[in-house]
Amino acid sequence: MILTKNQTYSLVLSLILFLYTPPVLSKDYVLHADDWQRPRSAEYILSLPSVRHAVQKWLSNREQTLFFYYPGGETGLLWATELEDWLIALGIPSKNIQSVSGSPRADQLIIRVD
């Protein structure tokens, strides 16, 4: 069976769409404590997939808010506050960031873009 050029392109495009669903279509992005325990820099923060994809989603509509659902307690609050500080330093206005206690797991910070 020989495929035409258009059939080949259609097949390749279908496979790409099937195998790759962009994370920016998701509503929640999970930042794991293990990733956060490493030394941080602006480059490292933006290399974290959850942060990068959440920021990309926010950039598509800058009227949205980034919500950080952090684990309860002082450690979780410090985690959310530091992430907020990094994103403000990288250009996201503080009015577009809100930290909320309520991550279902102690080792995860959930980022939601609404």
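Nothing in this text is a laboratory measurement; each read-out follows from the coordinates by a stated rule. Note that the structure is predicted; figures quoted are calculated from it, not measured. Note that each Cβ is placed from the backbone with ideal geometry, even for glycine, and that neighbours are counted across all protein chains shown.
Annotations for the structure displayed:
- Set of the stretch 92-114 residues, backbone N closer than 20 Å to the point 7 Å along the Cα-Cβ line of Leu59: 92-98, 111-114
- Convex hull (Cα only) mean projected area of the stretch 42-97, reported in nm² to one decimal: 3.8
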